[in-house]
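Participant: Below is one structure. I have some questions about it.
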Amino acid sequence: MFRVRPTDRRAAPLLSRPTGFRPGERLADLVFPPLCLGCALPLAHDRPWGRELCPECARKTDFLTGAKCPRCGRPFEADRAADHWCGPCLSQPPPFDLARAAARHTGPLAEAVRGFKYHRRLGLLPGLSRMLAAAAVDLDPPADLVLPVPLHWRRRRERGFNQAWLLTRRVARHLGLPARSDLLRRIRFTAPQVGLTDTERRANVRGAFALSPHDGVDGRRVMLVDDVLTTGATARACARVLKKGGASGVLVATLTRA
Ligand SMILES: [Zn+2]
Ligand SMILES: [Zn+2]
C-alpha cells in the first residue's frame, strides 16, 4: 500500500529533489537551458526542481496543490478544505491505491501534452518528465517499478511511439527506479477514449489489458504512468489487472487530470 510522506502540501513535492537526480543534469541545463513548456522562454536555473513553466504560464496553470481525495487525487474546489475521500471513492473505491497528477488538464500544460502526444513535439519530453516525476516523488515507500499504460501495437505504429513509455523511462530514471514496458500489455485494439462517456470508456477498455505470461508483478509496488487521467477508466482497467496479478500497490501518475 502506498502512503504519501507527510509534508507541507503547499511546499512539497516541488522542493524535494528525486533520488535519481544526476549531477550532470545541471551542466546540461547550462548548455541547453530548459525552456518553458508553455511559451518556450528560458527558465530560471534556481527554480524548484520539476517546475517547468515560466511565472506567466504557471499563473495560467491549475496546479493540484490544494485539498484532494487521498485515494484518487480528485481536487476539491474549496480552498480551505482538508484532504478527504470523495463520494465516488467512498461508494466504489478504485482498484488503484493512489492517483497523482501535476495539474489540471487546462492551459499551457494541456497544450504541451497535446503537442507532445499528437504533434510529436519530442523536445517537450524532458520538461514533461521532470514535472511528472516531481508530482510522484513523495511516496513512502517508493514504487518497485514503473510501467507505462501500454498502447496496442497498431496504435503505436500509427502514432510512431507510446507517449506513456517515453515518459516512463525518464520518470523512472529521475526517481532511481526500474522501468518495464513488457509486463503489462494491451491485448485488444480499442477505439480512442476521446469523446466517449465514462460508461462507454469503461466498456471500451474492458478486457483490453493483460500481464506478461513470463514475468509478473507479484508482491511489487507498481507506478503506472500515463499523460492524462480523464475519467480514470483506463487506469482502473490496468490497475485491476495488476492487482489480480498480485501487485501489492498501484499508484497512477499522470501529468494532468480532468
Ligand atoms: Zn511560459
Ligand atoms: Zn476519490
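Participant: 7 Å from Cα along Cα→Cβ at both Asp140 and His84: what's the point-to-point distance in nm?
Facilitator: 2.5 nm
Participant: What is the dipole size for the range 96-257, taken about its Cα centre, with +1 at each Lys and Arg Cβ and -1 at each Asp and Glu Cβ, in debye to the nearest 20? Walk me through the numbers on the way to the answer.
Facilitator: Working: 29 positive and 13 negative charges, 116 e Å.
Once rounded to the nearest 20, the dipole reads 560 debye.
Participant: A further question follows. For the range 46-152, compute Rg over Rh where Rg is the Cα radius of gyration and Rh is the Kirkwood radius from the inverse mean 1/r over Cα pairs.
Facilitator: On the way: Rg = 15.3 Å, Rh = 15.6 Å.
Using Cα coordinates only, the ratio equals 0.98.
Participant: If the convex hull of the alpha-carbon atoms of the chain is projected onto planes in all directions, what is the mean projected area in square nanometres?
Facilitator: On the way: hull surface 53.8 nm².
With every direction weighted equally, the projected area is 13.5 nm².
Participant: For a Förster distance of 35 Å, can you work out the FRET efficiency between the beta-carbons of His45 and Ala203, rounded to the nearest 0.05? Before the final figure, lay out the partial values.
Facilitator: Working: r = 48 Å, r/R0 = 1.38.
Once the sixth-power term is evaluated, E becomes 0.15.
Participant: Moving to a separate point now. Which cross-chain or sequence-distant (5 or more) residues have an amide H under 5 Å from the amide H of Arg121, H modelled 1.01 Å from N in plane?
Facilitator: Phe116
Participant: To continue, here is another question. Each residue of the range 234-241 in turn: what ³J(HN,Hα) in whole Hz from Karplus with 6.51, -1.76, 1.60 and θ = phi - 60°, glycine and Pro shown as x?
Facilitator: Residue by residue, the range 234-241 yields 5, 4, 5, 4, 5, 4, 4, 5 Hz.
Participant: Do any GluC sites (Glu not before Pro) in the range 31-115 lie in a loop, going by DSSP, with at most 13 other beta-carbon atoms within 10 Å of their beta carbon, and if so which? Please report the intermediate quantities before stating the final value.
Facilitator: Numbers: sites: Glu52, Glu56, Glu77, Glu111; in loops: Glu52, Glu77.
For GluC sites (Glu not before Pro) across the range 31-115 that sit outside H, G, I, E and B with at most 13 neighbouring Cβ atoms in 10 Å, the list reads Glu77.
No value in this document is a laboratory result; all are computed from the given coordinates. What you see is a predicted model, and the numbers here were worked out from it, not measured in a lab. All Cβ positions, glycine included, derive from the backbone under ideal geometry; neighbour counts span all protein chains shown.
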